[in-house]
Structure formats: structure tokens, C-alpha cells
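Asks: One structure follows; several queries about it will come next.
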Amino acid sequence: MKKLTIKNIILPTLLFGIFFIPFNSWSGISFLGEYYRDSCFLFFSFASILILFKRKIQMPLQNLVFQFLILFLLWSFLTTVLNSHNIFDYYFKQTSGLSRFVNQFGSLIIAAFIVPLTFYNGFKRINVNKTFRLIRRIVFASLIVVLIYSIIEILIVKLNMVYLKKPLLNLFDYFPFTEAKIDMRNQRISSVSFESPALATYLISVFGWMLSYILTEKKKLKYLPATIVLFLGFMSGSRAAFFAIIIQFIIAIFVLLKNKNVANNLYRTLIGLSTIFVLIVGYFNKPIFDYIKKEINSFKLDDSTHALSNKSRFGIQQAMFNVFLENPILGTGYGLQAFESRKKYPSWAKKNNWEFRLKYLNQNDKRFPPGYNMYLRILTETGLIGFLVFSLIILQIFLWCYNNLKSENSSIAFIVLISMIGFSLNWLKMDSFRIYFFWLCVALIWIIEHKKKLQNG
């Protein structure tokens with residue numbers, strides 16, 4: 001029998017955390033701040049504590065991505081110090097500027113430093129190919145649970161089979177970190193996640209992993225995992241997410257067709273699917289055209305269904321951009337844009353909009369308004385310098401993918417590339433660093449480069 005040690009506990013703890021990434025529909029633990037719903041955070045935190053006990057925390061100090069990341073963290077702190085003359089005057093939603101910075105910068109350190117280093121130290125002693133297959137198997141198992149919940153949810157929400165809620169859906173109340181619920185009003189699905197956008201982010205994050213089955217497997221079922229993601233992406237009702245998934249899919253096809261081992265089978269599959277698609281479009285051309293037209297119109301400010309959320313999103317983004325124009329070099333300081341943006345929300349966005357009245361400008365609601373765009377948030381809070389450093393991180397990751405797509409690590413490079421396309425598009429509509437699959441991709445890059453250096457002596 002294998003002796004139980006800290007080292008033996010770390011790996012399964014990390015794998016449990018990866019499995020539970022989408023499971024955040026529970027009420028959570030309030031004192032964890034913005035991490036309160038993230039069930040996976042409990043496992044990753046425990047793993048980081050175990051690694052700390054080993055007292056052998058290693059950092060990829062020579063890796064360029066890591067160096068740019070440290071530079072970004074340092075600049076985020078420095079630009080806040082340089083804005084200190086404003087911070088002590090800030091007060092909004094019963095929160096001071098200093099308190100807001102401490103909470104936000106602490107959250108950044110956890111997401112962008114502690115979590116990826118936990119992945120790095122937890123996985124780097126294992127064979128890279130074994131790590132890749134182990135993680136992918138766990139991700140697929142998690143996706144199957146997401147799919148089962150989603151199918152029941154679709155039957156209830158889309159087909160009005162409400163009688164299925166009690167005998168089937170409510171069984172998920174017994175599943176860890178999950179509270180069974182449905183959205184009959186908006187008729188959107190969220191599966192085991194707390195809302196549709198959270199499910200969409202998860203699907204974008206795992207699509208590269210599921211597409212990699214086409215690259216590495218020979219059985220016909222290799223297309224099933226990616227098909228599941230496409231199906232759930234369409235059914236989720238998230239317009240931006242499904243667009244991102246389609247872009248990921250198109251680029252993945254181009255990359256896969258350059259691989260001689262999968263090109264022939266993929267060509268035949270694509271020809272078959274294209275024929276079916278043409279027949280479907282030919283027969284159902286009017287409803288398909290109407291659906292596409294409806295989805296395009298849904299981004300307009302006068303759309304009957306999405307007008308309110310569009311006004312809030314675009315209004316906040318416009319306010320943030322105006323704040324950036326006033327603070328182009330240093331920004332406002334990390335986590336502090338809302339103190340300035342709230343003064344610049346446009347009238348057209350606030351007019352007849354209960355979200356501003358009851359949430360974003362309500363002093364009794366302590367939750368700060370989201371930025372709805374990572375790039376605008378970084379520009380606004382860290383200025384052009386911070387944005388440049390962040391862009392260098394993203395660019396370096398894409399360059400690494402390009403340089404490794406034909407190497408022995410091509411499968412992981414493929415996953416990281418497709419994932420990064422999804423993350424980059426998803427950050428156009430959200431401003432959170434709590435994208436655990438992004439940091440997993442970053443950690444895998446560190447691990448591969450570390451092993452290359454060991455091999456080269």
C-alpha cells in the first residue's frame with residue numbers, strides 16, 4: 001500500500017479543484033470576497049497550503065511570461081502608490097479607496113500569482129504528456145455532469161417540462177457546491193454554474209481541451225467532446241460566448257487541417273457536416289435567417305430583450321474610456337476605476353435603467369459595478385504602461401503557441417492557442433482575472449519550458 005504523504009495529496013487535490021471549476025451555483029462562503037462562490041478555490045487553496053508546508057516552492061524565474069507577469073503586478077501596485085493623493089479621498093458604496101485597493105490587489109495576487117504557482121509546483125514533477133491526459137480526462141468528466149444537468153434544464157426551460165424539476169433536477173441539490181435552479185423568465189440555461197455568462201466562460205475555457213481529442217485520438221467518438229461544447233454554447237443563450245466558441249472552432253479547424261495525421265479524416269467529416277448544413281439551411285432558410293437577424297439586433301440599445309443590459313454594459317464602458325483619457329499614463333490605480341467612472345455614466349445609459357438606480361449607483365448595495373471589459377479596465381486602472389505589459393504577456397503566450405505547434409508538445413500548444421483565443425474574446429465582455437483555466441495554461445507553459453531546460457542541461 002502506498003504511503004500517504006503531502007506530495008501524494010497535492011495532485012488529487014488539484015484535480016478535484018479542476019473538476020469543480022464550473023460548480024458555483026451554491027450560496028458560497030461570504031468571507032472569501034469575490035472568491036466566495038468558487039468551489040474550486042477551496043481545493044486550490046488547500047493545495048497551495050500543502051505545497052507551502054513542503055517549503056520547496058519554486059518559481060519559473062527565467063520564463064519571459066513569468067517576468068512580464070511580475071512586472072504587471074509591480075506596476076499595478078506602483079501606479080496605485082503614485083495615485084495615493086486621490087485614494088484617501090475616495091469613498092463609494094460604504095468603501096474607502098484604500099480598502100477597495102487592498103481587496104482588489106489581494107484578489108489579483110491570489111489569481112495571478114498564487115494560483116498559477118500552485119499549478120506549476122503541483123504538476124511539474126509529473127510527465128508532461130501524463131499531466132495533459134490526466135487533466136483532460138478530469139475536464140471531460142466534469143463536462144459530462146454539466147451536460148446532464150443542462151439537458152434536464154433544457155427540457156424544463158425550453159420545452160416547459162416543469163414536472164421534471166422535482167424528481168430529476170432537484171437531485172443536484174445533493175451534489176457538492178450545487179443548488180438546483182432554473183430561469184423560466186429569461187429561458188436561459190446556466191447548468192451547475194450560478195448564471196449563464198459563468199457557464200459560457202467555462203465552455204470557452206474547456207473547448208480547446210475537448211477539441212484536442214480530435215488531434216490525439218483515433219476513435220470516431222473523438223468528435224463527441226467538442227460537439228458537446230458546441231451544443232451547450234448554442235443552448236446557453238449567451239450571444240458573445242457562442243460567437244467566441246465559433247471563432248475558436250474555425251481557427252482550430254485551420255490548425256488541425258495542417259496536421260497530416262488528422263487531415264484526411266477531418267476532411268471527410270467536414271464534407272459530411274457541410275452537406276448536412278447546406279441541406280438544413282436550404283430547408284430552414286427563413287427561420288435561420290430570422291434567428292441570425294435577431295441575434296445581431298440583440299446588441300442594439302433598442303432591442304426589446306437586451307436593451308437594458310446593453311445600455312448598462314456600453315454605458316459603463318464609455319465612462320471607463322473617458323476616465324482613461326483623463327489618466328492615460330498612470331490610470332486611476334488598481335481596482336479604483338469605479339470611483340471615477342461613476343461620475344461619468346452617460347445619461348442615455350442611466351435613463352429608465354433600474355440597474356444603475358438599484359445596483360451600480362445604490363450606496364446601500366456594497367457590490368461595485370463590473371467593468372465589462374478587461375482591456376478597458378487595465379487601461380483605466382493601470383494606464384498605457386500597465387496595458388502594454390499585459391499585452392506583452394498575451395503576445396508572448398501566443399508566440400509560445402506558434403513556436404510549439406509542431407513540437408512534441410503540440411497537443412498542449414494547440415489547447416493553449418484555442419483557449420487563448422477564447423480568453424481574449426471573452427475579456428471583451430468581462431473584467432475578471434479569476435479565469436482558472438487561463439492560469440492553468442500559463443502554468444503548463446512554465447512546466448514545459450522548465451523541462452526543456454532540464455533536458456538541455
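The values are calculated or read from the model by the stated rules, or taken from the named source; none is laboratory data. Treat the numbers as computed from the prediction; the structure is a model and nothing was measured. Positions of Cβ are backbone-derived with ideal geometry, glycine not excepted, and every protein chain shown enters the neighbour counts. What goes into the accessible areas is simple: the full protein's heavy atoms, side chains included, and nothing from ligands, DNA or RNA. Shrake-Rupley method; radii C 1.70, N 1.55, O 1.52, S 1.80 Å.
Asks: Given C-alpha coordinates of the range 102-223, what is the ratio Rg to Rh with the Kirkwood estimate of Rh?
Replies: 1.05
Asks: Carbon and sulfur: what percent of the chain's accessible surface (1.4 Å probe)?
Replies: Solvent-exposed carbon and sulfur of the chain make up 64 percent of the total.
Asks: Mind ranking 225-236, 129-140 by how tightly packed they are, going by the mean number of other C-beta atoms within 10 angstrom, highest first?
Replies: 225-236, 129-140
Asks: What is the projected area of the convex hull of the Cα atoms of the range 59-108, averaged over all directions, in nm²?
Replies: Orientation-averaged projected area of the Cα hull: 4.0 nm².
Asks: Which order do the peptides 26-36, 320-330, 111-121 take when ranked by the mean count of other beta-carbon atoms within 10 Å per residue, highest first?
Replies: Descending mean neighbour count gives 111-121, 320-330, 26-36.
Asks: For the chain, rounded, prolate or oblate, judged on the Cα gyration tensor with a ≥ b ≥ c (square roots of eigenvalues), a/c < 1.5 rounded, else prolate if a/b > b/c?
Replies: Cα axes put the chain in the rounded bin.
Asks: How high is the relative contact order of the range 112-195, in percent, counting Cα pairs under 8 Å that sit 6 or more residues apart?
Replies: Result for the range 112-195 is 24 percent.
Asks: On to the next question. Taking the Cα-to-Cβ direction at residue 343 and at residue 452 and moving 7 Å from each Cα, how far apart do the two end points lie in nm?
Replies: Between residue 343 and residue 452, the simple spin-label model gives 4.8 nm.
Asks: Shifting gears a bit: Taking square-rooted eigenvalues a ≥ b ≥ c of the alpha carbon gyration tensor, is the range 60-148 rounded, prolate or oblate, where a/c under 1.5 means rounded and, failing that, a/b exceeding b/c means prolate?
Replies: Because a/c hits 1.5 or more and a/b fails to exceed b/c, the range 60-148 counts as oblate.
Asks: Less than 14 Å from a label point 7 Å out along the Cα-to-Cβ axis of residue 398: which backbone N atoms in the range 182-217 qualify, by residue?
Replies: Within reach of a label on residue 398, which here means backbone N under 14 Å from a point 7 Å along Cα→Cβ, the range 182-217 contributes nothing.
Asks: Which whole-Hz ³J(HN,Hα) couplings does the range 187-195 yield from phi under the Karplus relation 6.51 cos²θ - 1.76 cosθ + 1.60, θ = phi - 60°, glycine and proline marked x?
Replies: Ordered by residue, 3J(HN,Hα) equals 6, 10, 9, 10, 6, 7, 8, 7, 7 Hz.
Asks: According to the Kirkwood expression over distinct Cα-Cα pairs, how big is the hydrodynamic radius of the range 42-82, in Å?
Replies: This gives a value of 12.3 Å.
Asks: Per residue, what accessible area does the chain have, given a 1.4 Å probe and all protein chains present, in Å²?
Replies: Ligands and nucleic acids excluded, the result is 50 Å² per residue.
Asks: Tell me, what HN-Hα J-couplings in whole Hz come from the Karplus equation 6.51 cos²θ - 1.76 cosθ + 1.60 at θ = phi - 60° for each residue of the range 31-41, using x for Gly and Pro?
Replies: 6, 7, x, 6, 8, 4, 8, 6, 4, 4, 4
Asks: Which order, highest average first, do 42-53, 379-390, 251-262 follow once you tally other Cβ atoms within 10 Å for each residue and take the mean per peptide?
Replies: With the highest mean Cβ count within 10 Å placed first, the list reads 379-390, 42-53, 251-262.
Asks: Given R₀ = 30 Å, what would the calculated FRET efficiency be for residue 160 paired with residue 27, taking r from the Cβ atoms and rounding to 0.05?
Replies: 0.60
Asks: Mind running the shape call on the range 1-101? Use the C-alpha gyration tensor, a ≥ b ≥ c as the square roots of the eigenvalues: rounded below 1.5 for a/c, prolate if a/b tops b/c, oblate otherwise.
Replies: Here the range 1-101 falls in the oblate category.
Asks: What residues qualify as long-range amide H neighbours of residue 183, i.e. H under 5 Å apart, gap of 5 or more or another chain, H built at 1.01 Å from N?
Replies: 188
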